[in-house]
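Below: one structure, written as structure tokens.
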């Protein structure tokens, strides 16, 4: 049995406010779907951040609908879980993926955490913020108990694991992951990761497009963007990386000001040879120059040849200042916040809460931030009885990660093992 695993398509992302970049994301998503159909897989897994926003635009919804209908026509089912971008944390709120359940999307959610595809268990958990890592660990453990009942098992999850995330930005540690799944279909990390883990393979297929300019890195140059095809017919899954050509290149160049004219000419020749206008990160370093004058020269020379120009200027004086700043280890806002919270509270759970609030408030998700803080307060600062009395309604959905699995998982789903694409609902028990 073979399936395709992709993630982090971020449909609707309008990078730098550019309509062309939004179109690029739709284009590359369609290219991935074309290739998946060409590979003639048995099913598809999308492990989160299908959309860039939990209220996607009509264009983003239409782009996915077209892809879903094409998969339907090819008789290829698709399973998906909500990521942090397309999740809504408020009680009773549903991710935008739910709009497509009636036309074939099999949504892995709190209510339907498990499906079967022939003898294969496909199960997972929606995105859980780091301040609720205890609930995430409990959900993993409960799903792990089910994995032993199946010939093959797949865990689908959109979470950052400490090994591949910056310090204090992960939601779970690698050591806390269950070890009895055959395949771990992960999302959230935008670089490509493939690693032996437990008895199987753990894979982040990475984002489908360059969502941040920093993603045009060494990992991208080696593995590109795309998806993986996984063959479960072996003792350990065989993973094939499938690269997809991007519609637009990201160019990063450094020009020594002492050879400015020559360097600028070389950059211009390179970008003029490209089919589509690229995104250009250009650094002018060394020498003594006026940044405004240099910028005007660059803009006049190559401004019409690029979609987006992001210049940075580092004359000798600035380079010296940067060296001093680096030596003094000035902290970025996220790291500074973590440092101050640790100093004041000395509690890891409070530190994780601060990051969850920062991530949501920085993109205007006020209600989600309030939900996270209310739940955290009820968990850590109310006694259990009072918490249940005052917050029963508010905690109903979020607690389900712990409660619904504990209450409902039993051996009765054995009867559905041999039913293709069987949806396992707790309503069935």
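When 162, 182, 196 are checked against the criterion of being closer than 16 Å to residue 232 by Cβ, in contact with a strand residue (DSSP E or B) (Cβ under 9 Å, 6 or more places away or on another chain) and surrounded by fewer than 17 Cβ atoms within 10 Å (Cβ to Cβ), 196 stands alone in meeting it.
Here residue 169 meets each of (1) touching a helix residue (DSSP H, G or I) at 6+ places or on another chain (Cβ under 7 Å); (2) surrounded by 24 or more Cβ atoms within 10 Å (Cβ to Cβ) with one exception, condition (2).
In the list 247, 237, which residue meets the criterion of being in contact with a helix residue (DSSP H, G or I) (Cβ under 6 Å, 6 or more places away or on another chain) and either touching a residue at least 24 places away in the same chain (Cβ under 8 Å) or not assigned by TED's automatic domain parsing to the domain that holds residue 14 (or both)?
Numbers: 237 fails: in contact with a helix residue (DSSP H, G or I) (Cβ under 6 Å, 6 or more places away or on another chain).
The unique qualifying residue is 247.
Kindly indicate whether residue 45 is in the same structural domain as residue 106 (by TED's automatic domain parsing) and part of a helix (DSSP H, G or I). Spelling it out, it is not the case that residue 45 is in the same structural domain as residue 106 (by TED's automatic domain parsing) and part of a helix (DSSP H, G or I). Residues that are in contact with a helix residue (DSSP H, G or I) (Cβ under 9 Å, 6 or more places away or on another chain) and over 17 Å from residue 296 (Cα atoms) within the stretch 257-280 comprise 271, 272, 274, 276, 277, 278, 279, listed in sequence order.
The set of residues in the stretch 179-201 being touching a residue at least 40 places away in the same chain (Cβ under 8 Å) and either over 13 Å from the mean Cα position of the chain (by Cα) or under 22 Å from residue 27 (Cα atoms) (or both) consists of 182, 183, 187, 188, 190, 192, 194, 196. Can you tell me which residue within the stretch 278-312, out of those that are modelled with pLDDT of 95 or more and part of a loop (DSSP other than H, G, I, E, B), is farthest from residue 23 (Cα to Cα)? Across the stretch 278-312, the extreme among qualifying residues is 306.
For the stretch 212-219, the criterion of being in contact (Cβ under 8 Å) with a residue 24 or more places away in the chain, in the same structural domain as residue 47 (by TED's automatic domain parsing) and crowded, with 21+ Cβ neighbours inside 10 Å is met by none of the residues. Restrict the check to the stretch 17-33 and report whether at least one residue is in contact with a helix residue (DSSP H, G or I) (Cβ under 6 Å, 6 or more places away or on another chain), crowded, with 17+ Cβ neighbours inside 10 Å and modelled with pLDDT under 95. No, the stretch 17-33 contains no residue that is in contact with a helix residue (DSSP H, G or I) (Cβ under 6 Å, 6 or more places away or on another chain), crowded, with 17+ Cβ neighbours inside 10 Å and modelled with pLDDT under 95. The residues of the stretch 147-160 that are outside any loop (DSSP other than H, G, I, E, B) and touching a residue at least 40 places away in the same chain (Cβ under 8 Å), listed by number, are 152, 154, 156, 157, 158.
Suppose the filter is modelled with pLDDT of 95 or more and outside the structural domain of residue 22 (by TED's automatic domain parsing); does residue 315 pass it? If you could, list the steps in order and put the result at the bottom.
Working: modelled with pLDDT of 95 or more: no; outside the structural domain of residue 22 (by TED's automatic domain parsing): yes.
No: the conditions fail for residue 315.
Could you tell me which residue of the stretch 57-92 is surrounded by the fewest Cβ atoms within 10 Å (Cβ to Cβ), considering only residues that are more than 18 Å from residue 47 (Cα to Cα) and touching a residue at least 40 places away in the same chain (Cβ under 8 Å)?
Step one: list which residues in the stretch 57-92 are more than 18 Å from residue 47 (Cα to Cα), which gives 57-59, 62, 66, 69-70, 72-75, 90-92.
Next cut, touching a residue at least 40 places away in the same chain (Cβ under 8 Å) only: 57, 59, 90-92.
Working: 57: 15, 59: 14, 90: 15, 91: 13, 92: 8.
That would be 92.
Just wondering, is there one or more residues in the stretch 232-246 that are under 22 Å from residue 126 (Cβ atoms) and surrounded by 15 or more Cβ atoms within 10 Å (Cβ to Cβ)? Taking every residue of the stretch 232-246 in turn, none turns out to be under 22 Å from residue 126 (Cβ atoms) and surrounded by 15 or more Cβ atoms within 10 Å (Cβ to Cβ).
Kindly provide the set of residues from the stretch 2-36 that are at positive phi and touching a residue at least 60 places away in the same chain (Cβ under 8 Å), ordered by number. Outline the logic, then answer.
Restricting attention to the stretch 2-36, the residues satisfying the condition of being at positive phi are 8, 10, 12, 16-17.
Once the filter is applied, which keeps residues that are at positive phi and touching a residue at least 60 places away in the same chain (Cβ under 8 Å), the stretch 2-36 yields 8, 10, 16.
Suppose the filter is in contact with a helix residue (DSSP H, G or I) (Cβ under 6 Å, 6 or more places away or on another chain), buried (at least 23 other Cβ atoms within 10 Å of the Cβ) and farther than 21 Å from residue 8 by Cβ; does residue 138 pass it? If you could, list the steps in order and put the result at the bottom.
Numbers: in contact with a helix residue (DSSP H, G or I) (Cβ under 6 Å, 6 or more places away or on another chain): yes; buried (at least 23 other Cβ atoms within 10 Å of the Cβ): no; farther than 21 Å from residue 8 by Cβ: yes.
No: the conditions fail for residue 138.
Look at (1) assigned to a loop (DSSP other than H, G, I, E, B); (2) over 24 Å from residue 164 (Cβ atoms) and you find that residue 262 fails only one, number (1). Taken together, the residues in the stretch 178-197 that are part of a loop (DSSP other than H, G, I, E, B) and either within 14 Å of residue 46 (Cα to Cα) or not assigned by TED's automatic domain parsing to the domain that holds residue 146 (or both) amount to 3.
The values are calculated or read from the model by the stated rules, or taken from the named source; none is laboratory data. Keep in mind it's a predicted model, so treat the numbers as computed, not measured. Every residue, glycine as well, gets a Cβ built from its backbone with ideal geometry; the counts of neighbours run over all protein chains shown.
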